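Every read-out reported here was derived from the displayed coordinates using simple, explicitly stated rules and does not represent laboratory data. All of these numbers come straight from a predicted model, not from anything done at the bench. Counting neighbours? That spans all protein chains shown, and the Cβs are built from the backbone with ideal geometry, glycine included.
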Amino acid sequence: MNIAVLIKMVPDTESKLEVNDGKLSDQNFKYMVNPYDEFAVEQAVQFKEAEGGKVTLLTLFSEDNSIDTDLRKMLAIGADEIIALRQNEYKGDKPLANAKILSDAIKELDVDLILCGIQGIDYYQAATGTMVAQMLDIPNISGVTKLEYNNGTLKAKRQIEGGLQTIETSTPALITCQKDMNKVRFPALKDIMMSKRKPFTNKTVESVESNDIKTSESSLPPARDGGEIIEGETAEEKVNKLIEKLKMEAKVI
């Protein structure tokens, strides 16, 4: 069972956001593997361990090589190789353009299943995976919380409002993975050392035209006002003053 996992590199949650003249500055960003994609990698490795085959990680990013270390962590989990598509003008907020490039790259691979996270934690568009499936003309199940494979058939479970939906489809197919699908393993030291010898291929790709919506302006949220200290001689007096403010000023009770 050969599986491709789409990996998106997103800004590390500790990266400092800077906005200059309405434009987001990403010069000082550090990047990490999108957390939702980690669930996809773990699921792919579990399938490989049960069925045999190969797990190929496919990512699209700029020529910045600082992402290589984090990508190799996914090899330590159990993936077999990485193909990094390097684009000079890469932007993470162009799902249609990025889907075109990723789908063309997948066509060169002989895969039975494509997995990816339901969305990136940078722009939360939840669009690229589904677009790739459409371009490849294969079934797509989104937001899957549990996935089983049996003799060419996938059984997926996904949370919907008020219940749980179960869907079956044949392969090849594309699945977008929701959190809690599995528990991502911590690799052993031996696996970390072996990951350094696994194939890591870089390919240059050109930009493509698309009608992706462009961000017109970025801004940081307004600074929060300081809290108010309620004075009083006793705890009871302070509580009474707080209740009064919640009634008369905040109007929440």
* Asked: Put +1 on the Cβ of each Lys and Arg and -1 on the Cβ of each Asp and Glu in the stretch 123-243; which of Tyr124, Ile213, Cys177 then has its Cα farthest toward the positive end of the dipole?
  -> Cys177
* GluC sites (Glu not before Pro) restricted to the stretch 1-68 and DSSP loop, no more than 10 other C-beta within 10 Å -> Glu14
* To do: Find how many whole Å separate the alpha carbon centroid of the stretch 129-179 from the alpha carbon centroid of the stretch 5-49.
  => 22
* Structure fact -> The relative contact order of the chain, taking Cα pairs under 8 Å that sit 6 or more residues apart, comes to a percentage of 23
* Loop-located chymotrypsin sites (Phe, Trp or Tyr not before Pro) in the stretch 90-144, at most 15 other Cβ atoms within 10 Å (DSSP) -> Tyr124
* Structure fact -> From DSSP H assignment alone, runs of 4+ in the chain each adding -39500 (n - 2.57), the sum over residues rounded to the nearest 500 puts [θ] at 222 nm at -8500 deg cm²/dmol
* Quote the convex hull volume per residue of the stretch 37-153, based on C-alpha atoms, as a whole number of Å³. => 109
* Residue list for the stretch 20-52, given a label point 7 angstrom along the Cα-to-Cβ vector of Lys190 and an amide N cut-off under 17 Å -> 49
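I want the antiparallel fraction of DSSP beta bridges within the chain, as a percent rounded to 5. Provide the component values of the computation, followed by the final result.
Numbers: 20 of 49 bridges.
So the antiparallel bridges amount to about 40 percent of the total.
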* To do: Starting from the exponent 0.38 and prefactor 2.2 Å, build the expected Rg for the stretch 114-217 from its residue count and divide its actual Cα Rg by it.
  => 1.34
* Peptides 169-179, 20-30: what's the order by average Cβ count within 10 Å, highest mean first? -> 169-179, 20-30
* With only Lys, Arg, Asp and Glu charged, each at its Cβ (+1 for the first two, -1 for the last two), find how big the charge dipole of the chain is about the Cα centre; round to the nearest 20 debye. => 640
* Structure fact -> Checking Gly53, Gly163, Gly232 against a Gaussian network model of the chain (alpha-carbon springs below 10 Å), the top fluctuating residue turns out to be Gly232
* Distance from the Cα centre of the stretch 180-253 to that of the stretch 51-90, in angstrom? -> 26
* Anything over 19 Å Cα to Cα? Flag those among Lys91/Lys203; Lys54/Lys91; Lys54/Lys146; Lys94/Lys214, in the order listed. => Lys54/Lys91; Lys54/Lys146
* Structure fact -> Taking 0.36 nm per residue of separation between Thr204 and Ile160 and subtracting their Cα-Cα distance, the length gained on full extension comes to 11.9 nm
* Restrict the search to the stretch 151-253; then list the GluC sites (Glu not before Pro) that DSSP places in a loop and that have at most 13 other Cβ atoms within 10 Å of their Cβ. => Glu161, Glu206, Glu209, Glu217, Glu228, Glu231, Glu233, Glu249
* Asked: Within straight cross-link reach of Lys100, meaning Cα distance under 17 Å, which aspartates and glutamates are found once same-chain residues fewer than 8 apart are removed?
  -> Glu89, Glu108, Asp137, Glu206, Glu209, Asp212
* Rh (Kirkwood; distinct C-alpha pairs) - the stretch 1-100, Å -> 14.6
